[in-house]
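Q: Below is a structure I'd like to ask you about.
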Amino acid sequence: MSLFQSILIANRGEIACRVIKTASRLGIRPVAVYSEADAEALHVRMALEAGGEAVLIGPAPSAQSYLQINRIVEACRETGAEAVHPGYGFLSENRQFAEALAEAGIVFIGPGPAAIGAMGDKIESKKLAEKAGVNSVPGHLEPLKDIDEARAVARGIGYPVMLKASAGGGGKGMRIARTDDEVAEGFTSATNEARSSFGDERVFAEKFIEQPRHIEIQVLADGHGNVVYLGERECSIQRRHQKVIEEAPSPFLDPATRRAMGEQAVALAKAVDYRSAGTVEFIVDADRNFYFLEMNTRLQVEHPVTEAITGLDLVEWMIRIAAGEALDFGQDDVSLTGWSMEARVYAEDPARGFLPSTGRLVRYRPPEEKDGVRVDTGVEEGGEISMFYDPMIAKIISSGPDRAAAIRTLQHALDGCLITGLRHNLGFVSAVLGHQRFVDGDLSTNFLAEEFGASFSGLEPNPATRDRLFAVAAALHVQRRARDRGLQGDAALAPTRWMVRHERTNHLVKVTLTAAGADIVIGNHEIPVQHHWRIGDPVFDGQVGGRRLVATLSMDDTHVRLAHGGIDMTVQVLSERAASLANLMPVKQPPDLSKFLLSPMPGLLVSLSVEAGEKVVAGQPLAVVEAMKMENILRADQPGAVATLHAAPGDSLAVDQKILEFE
């Protein structure tokens, strides 16, 4: 049976690039679509370079471009595309889209409209799951009419509850509520986000299970009655219900639980006559009891970790199944080998509560795809992270023979990824990977909130790590000075004495340059530094004290900035005389901005909850700012009174723009 000649990818960013790679490998001509904001995007260039086409489908807002069913169908007709791969998000779980393609004689690379409709609606999917014998979370499986009904239902279920958009996904339209007041606030925000992101404002409630794990089962089903499960993915490391780190397999499941979850996932897929790749998501408690959450009738963001441990290309199988092919393997042929992890790299500001960051990627150098590292990205250096779309920059995936190896490989890859021009979460994710509780596999969906709180400003290094970073800074600084003076050669240079100055404290360092790098002495500790770093390279990758250390860096005449393992450290490397004089320099105090409410991100001011002259209490909502389809509630951090309003609902805000001023 022959595959398609041409496929249109109804998406953008990294997933569009991902599909283009497999289509090209299979000899299929790719067709990209793009909005006006994405005219220079990577997925457009990749499609053209692969001998395909690219079609403009509308203005920047997704509602006017990537969500326009008619325009995408027209693009298929214009280009002769025989099939459409929807990726994830946008129209990937839209029944009307699949039906429109079928009516136009175009193949949808995904399940049939009936399965999309059944599983894409979280309320109906739970009802079907119960009929299929799948364990389900207790809840109220009817849309909530208003806040009063939401409160009554929540009390009946018992706090805490989860308010969820029926058509939701990607963490949008979801709120945890532990009180009546939180129900009111959460119902309003979930409804607004659901309406904005999915055009469907229905919200329902279910019991929120404390200390849960989020574990999902990948299924693959063809049109010939064959359904298999491909193991599980642990997705418990998430923030605001948005996954951050995923891995396969789970460090928690035993073979019996894996089999039971897999069999229930297969039963559900068969109940809706599923065809294509799909994912059944479960909540798992501390006793390995598991409960159905939802079925995603599409490819998941985290699918690469399953590909890594099974050796299967899920996009290829989606295409083959859509073309009518049958699976050429059965459940007994599925084996899980090794371990894989994925980190989502986002344009966001961890120090400001992980709010989205927009702007240009002034420098962007992802890690090389070798030695167990894979990079799925949809941007390139000079590209723009727009306020109109998801702020993902890349997915960095590692593979190894076991979990410890996968963690190490992913840490090195993250530490060697260079991004400048906007805020990002590289340091945060690297810090999570190094946290002892994560290393031990002691995970839950509350992990990030419990261990890192609402923001992240970097880790303080322990003395051993601090000295290793001091050694790198001193070695590279002295190497550059030796180059500048024309002294660098194969022979070792005489030891020199320097001061590494950090947080107004001087540390004496002795440096001897060698052909392999430098011999460093800090106090009584010898720390050899071996590397192939060249002056001007923004990434250091070498052996420091006998262990590998990877860091991004920047340098000037005296300063060295190093980012490694969640640590962002700037030091000065000075002569002893200069270091003593530096102690006499005054410290400039930052301006006091405490009397202003500043916008923590670029976005739209949706509403103001206060007026000039109004008194406020700590924790009181002040304003709602929307960015990238997510509503962010800004609250008072202390009691006070509002003096002046500097912005009005409907205003577009820049980062740090004044919204209001306190007396």
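Q: Take the range 523-552 and flag every residue that is in contact with a helix residue (DSSP H, G or I) (Cβ under 7 Å, 6 or more places away or on another chain) and farther than 19 Å from ASN425 by Cβ.
A: HIS525, ILE527, VAL529, TRP533, ILE535, PHE540, VAL544, GLY545, ARG548, LEU549
Q: Of the conditions (1) at pLDDT 95 or above; (2) in a strand (DSSP E or B), ASN506 fails just one. Which one is it?
A: Failing condition for ASN506: (1).
Q: What about PRO61, is it in contact with a Phe, Trp or Tyr (Cβ under 8 Å, 6 or more places away or on another chain) and either at pLDDT below 95 or outside the structural domain of TYR274 (by TED's automatic domain parsing) (or both)?
A: Spelling it out, PRO61 is indeed in contact with a Phe, Trp or Tyr (Cβ under 8 Å, 6 or more places away or on another chain) and either at pLDDT below 95 or outside the structural domain of TYR274 (by TED's automatic domain parsing) (or both).
Q: Answer yes or no: is there a residue in the range 8-19 that is surrounded by fewer than 22 Cβ atoms within 10 Å (Cβ to Cβ), closer than 26 Å to ASP376 by Cα and in contact with a Lys or Arg (Cβ under 7 Å, 6 or more places away or on another chain). Please lay out each step first, then the result.
A: Here is the first cut: in the range 8-19, the residues surrounded by fewer than 22 Cβ atoms within 10 Å (Cβ to Cβ) are none.
No, the range 8-19 has no match at all.
Q: Scanning for something in the same structural domain as LEU448 (by TED's automatic domain parsing), buried (at least 23 other Cβ atoms within 10 Å of the Cβ), farther than 21 Å from VAL228 by Cβ and not aromatic (Phe, Trp, Tyr), does the range 333-341 turn up at least one residue?
A: Yes - at least one qualifying residue is present in the range 333-341.
Q: Let me ask something else about it. Would you check which residues across the range 423-467 are touching a residue at least 24 places away in the same chain (Cβ under 8 Å), closer than 20 Å to ARG403 by Cβ and polar (S, T, N, Q) and list them?
A: If the condition is that a residue be touching a residue at least 24 places away in the same chain (Cβ under 8 Å), closer than 20 Å to ARG403 by Cβ and polar (S, T, N, Q), then SER430, SER444, THR445 are the ones that fit.
Q: Could you say whether any residue in the range 560-572 is of a type in the set (Ser, Thr, Tyr) and either within 21 Å of ALA654 (Cβ to Cβ) or in contact with a Pro (Cβ under 6 Å, 6 or more places away or on another chain) (or both)?
A: Within the range 560-572, the subset of a type in the set (Ser, Thr, Tyr) is 570.
If we keep only those that are either within 21 Å of ALA654 (Cβ to Cβ) or in contact with a Pro (Cβ under 6 Å, 6 or more places away or on another chain) (or both) too, we end up with none.
Scanning the range 560-572, I find no residue that is of a type in the set (Ser, Thr, Tyr) and either within 21 Å of ALA654 (Cβ to Cβ) or in contact with a Pro (Cβ under 6 Å, 6 or more places away or on another chain) (or both), so the answer is no.
Q: Is it true that ARG320 is in contact (Cβ under 8 Å) with a residue 24 or more places away in the chain and more than 24 Å from the chain's Cα centre (by Cα)? Lay out the reasoning, then the answer.
A: Details: in contact (Cβ under 8 Å) with a residue 24 or more places away in the chain: yes; more than 24 Å from the chain's Cα centre (by Cα): yes.
Considered against the rule, which asks whether it is in contact (Cβ under 8 Å) with a residue 24 or more places away in the chain and more than 24 Å from the chain's Cα centre (by Cα), ARG320 comes out as yes.
Q: Only one of these is part of a strand (DSSP E or B) and more than 32 Å from the chain's Cα centre (by Cα): PRO528, PRO586. Name it. It would help to see each step written out before you state the result.
A: Working: PRO586 fails: part of a strand (DSSP E or B).
Unique residue meeting the criteria: PRO528.
Q: Sticking with this structure for a sec: For residues that are within 32 Å of the chain's Cα centre (by Cα) and either closer than 21 Å to GLY434 by Cβ or in contact (Cβ under 8 Å) with a residue 12 or more places away in the chain (or both), tally how many sit in the range 536-558.
A: 16
Q: Let me ask something additional. How many of the residues making up the range 140-152 are closer than 18 Å to TYR291 by Cβ and either in contact with a Lys or Arg (Cβ under 6 Å, 6 or more places away or on another chain) or assigned to a helix (DSSP H, G or I) (or both)?
A: Of the range 140-152, the ones closer than 18 Å to TYR291 by Cβ are 140-141.
Filter once more, keeping what is either in contact with a Lys or Arg (Cβ under 6 Å, 6 or more places away or on another chain) or assigned to a helix (DSSP H, G or I) (or both): 141.
Final tally of qualifying residues: 1.
Q: Let me confirm something: among GLU460, GLU451, which residue is more than 17 Å from the chain's Cα centre (by Cα), surrounded by fewer than 19 Cβ atoms within 10 Å (Cβ to Cβ) and under 29 Å from ILE522 (Cβ atoms)? First the steps, then the outcome.
A: Values: GLU451 fails: under 29 Å from ILE522 (Cβ atoms).
One residue alone meets the criteria, GLU460.
Q: Return the residues of the range 522-549 that are at pLDDT 95 or above, surrounded by fewer than 21 Cβ atoms within 10 Å (Cβ to Cβ) and of a type in the set (Val, Ile, Thr); say none if nothing qualifies.
A: ILE522, VAL539, listed by residue number.
Q: Working carefully through the options SER189, SER250, SER236, find the one that is in the same structural domain as ASP313 (by TED's automatic domain parsing), touching an Asp or Glu at 6+ places or on another chain (Cβ under 7 Å) and among the hydroxyl-bearing types (Ser, Thr, Tyr). It would help to see each step written out before you state the result.
A: Numbers: SER189 fails: in the same structural domain as ASP313 (by TED's automatic domain parsing); SER236 fails: touching an Asp or Glu at 6+ places or on another chain (Cβ under 7 Å).
On inspection, the qualifying residue turns out to be SER250.
Q: Look through the range 61-108, keep the residues that are in a loop (DSSP other than H, G, I, E, B) and either of a type in the set (D, E, K, R) or free of Cβ contacts under 8 Å to residues at least 12 places away in the same chain (or both), and return whichever of them is surrounded by the most Cβ atoms within 10 Å (Cβ to Cβ). Steps first, answer last, please.
A: Going through the range 61-108, the residues in a loop (DSSP other than H, G, I, E, B) turn out to be 61, 65-68, 80-82, 86-94, 104-106.
Then keep just the ones that are either of a type in the set (D, E, K, R) or free of Cβ contacts under 8 Å to residues at least 12 places away in the same chain (or both); that gives 68, 82, 93, 105.
Details: GLN68: 21, GLU82: 19, GLU93: 24, GLY105: 9.
Within the range 61-108, the match that is surrounded by the most Cβ atoms within 10 Å (Cβ to Cβ) is GLU93.
Q: I've got another one for you. Count, please, the residues in the range 352-367 that happen to be under 16 Å from the mean Cα position of the chain (by Cα) and at negative phi.
A: First pass over the range 352-367, keeping only residues under 16 Å from the mean Cα position of the chain (by Cα): 353-358, 366.
With the extra rule that they be at negative phi, the set shrinks to 355-358, 366.
Residues meeting the conditions: 5.
Q: Answer yes or no as to whether VAL550 is closer than 24 Å to LEU459 by Cα, in contact with an Asp or Glu (Cβ under 7 Å, 6 or more places away or on another chain) and not in a loop (DSSP other than H, G, I, E, B). Before you say what the answer is, go through the steps one by one.
A: Details: closer than 24 Å to LEU459 by Cα: yes; in contact with an Asp or Glu (Cβ under 7 Å, 6 or more places away or on another chain): yes; not in a loop (DSSP other than H, G, I, E, B): yes.
Yes.
Q: Please count how many residues of the range 419-434 are surrounded by 17 or more Cβ atoms within 10 Å (Cβ to Cβ) and either of a type in the set (S, T, N, Q) or part of a loop (DSSP other than H, G, I, E, B) (or both).
A: Qualifying residue count for the region: 6.
The values are calculated or read from the model by the stated rules, or taken from the named source; none is laboratory data. Please read all numbers here as calculations on a predicted model, not as lab measurements. No Cβ is skipped: glycine too gets one built from the backbone with ideal geometry, and neighbour counts run over all protein chains shown.
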